[in-house]
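The values are calculated or read from the model by the stated rules, or taken from the named source; none is laboratory data. Since the model is a prediction, treat every value here as computed from it, not as a measurement. Here the Cβ positions follow ideal geometry from the backbone for every residue, glycine too, while neighbour counts run over all protein chains shown. Remember, those area values only see protein heavy atoms, side chains included, never the ligands or the DNA or RNA. Shrake-Rupley method; radii C 1.70, N 1.55, O 1.52, S 1.80 Å.
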Amino acid sequence: MNIRVNMLLDAKGLACPMPIVKTKKAMKELEEGLVLEIQATDKGSKADLKAWAESAGHQYLGTIEEGEVLKHYLRKLSSTETIEKQHPIVVTNEELDKRLKSNENMIILDVRETAEYAFNHIHNAISIPLGELEERLHELKKETEIYVICRTGSRSDLAAQKLTENGFSNVSNVLPGMSQWTGETNSITN
């Protein structure tokens, strides 16, 4: 089957987050309604690009595996089609830090990649990368208060939406996330 594309992006050999960074740049150059093929070798790129496309308002068409290469297909939606969805419940880094100090019964869900988590994370945070969330939902309690955090608030926003869609009722997205977290953290180096 020959899939007609308007632009080809080579992201082979690049690790997260580079396929998404390059895809964002390519999508800016692409005209509305046209299709982009991203060739990548990073296994995590499938979940990452699908989640990014959904949040950015582009259409994720699918992925075809050819040996080691994953060929991802995205269609750029027109500005009239794009309304970026956002999780409605948000807390600031400072609000979360206060709640941590009051020892409330809650879960902090860190949806960054495991390497990001290893080098810097909030004490007792649970690490479930965004790409693994769907198959690991059973690890979380639906009735517990969940604070979802990532580096900047965008992956955590997607994760918060996914949790809510799956019946979790008490979910907050933490903004601006770990990039500006000033509270205590743990790391593989300390």
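Assuming 1.306 mPa s and 10 °C, estimate D for the stretch 53-190 with Stokes-Einstein, Rh taken as the Kirkwood radius over Cα pairs, in µm²/s. Please list the in-between numbers first.
Working: Rh = 16.1 Å.
In µm²/s, the coefficient is 98.
Quick check: the angle from helix 154-165's long axis to the longest principal axis of the chain, C-alpha only, nearest 10 degrees?
80
Quick one: 3J(HN,Hα) in Hz for the stretch 133-149, Karplus 6.51/-1.76/1.60 with θ = phi - 60°, rounded, Gly and Pro as x.
4, 3, 7, 10, 3, 4, 7, 10, 8, 5, 8, 7, 5, 10, 10, 9, 9
Go ahead and set up a Gaussian network model of the chain, Cα springs under 10 Å, then flag whichever of Glu37, Glu143, Glu132 fluctuates most.
Between Glu37, Glu143, Glu132, it is Glu143 that shows the largest mean-square fluctuation.
Could you give log10 I(q)/I(0) at q = 0.11, 0.12, 0.13 Å⁻¹ for the stretch 26-131, computed by the Debye formula over C-alpha point scatterers of equal weight, without solvent?
For the stretch 26-131, the Cα-only Debye profile gives -0.51, -0.59, -0.67.
For Glu165, Glu134, give the ranking by accessible area with the largest first, probe 1.4 Å.
Solvent-accessible surface, decreasing: Glu165, Glu134.
Counting helices only, and only those DSSP H runs with n ≥ 4, report the 222 nm mean residue ellipticity of the chain as the sum of -39,500 (n - 2.57) divided by its residues, in deg cm²/dmol to the nearest 500.
It comes out at -8000 deg cm²/dmol, rounded to the nearest 500.
Determine the sum of side-chain charges near Asp42: Lys and Arg each +1, Asp and Glu each -1, restricted to other residues whose C-beta is under 12 angstrom from that of Asp42.
Surrounding charge for Asp42 is +1.
Counting heavy atoms of the protein chains only and a 1.4 Å probe, report the per residue accessible area for the chain as a whole number of Å².
Ligands and nucleic acids excluded, the result is 55 Å² per residue.
Report the net charge of residues surrounding Asn120, where surrounding means a beta-carbon distance below 14 angstrom and charges are Lys +1, Arg +1, Asp -1, Glu -1.
Result for the neighbourhood of Asn120: -2.
Tell me which residues come under 5 Å, amide H to amide H, from Leu34 once H is placed; ignore anything under 5 positions away on its chain.
Correct list: Lys76.
Within the set of other residues whose C-beta is less than 12 Å from the C-beta of Gly13, count the net charge using Lys and Arg as +1 and Asp and Glu as -1.
-1
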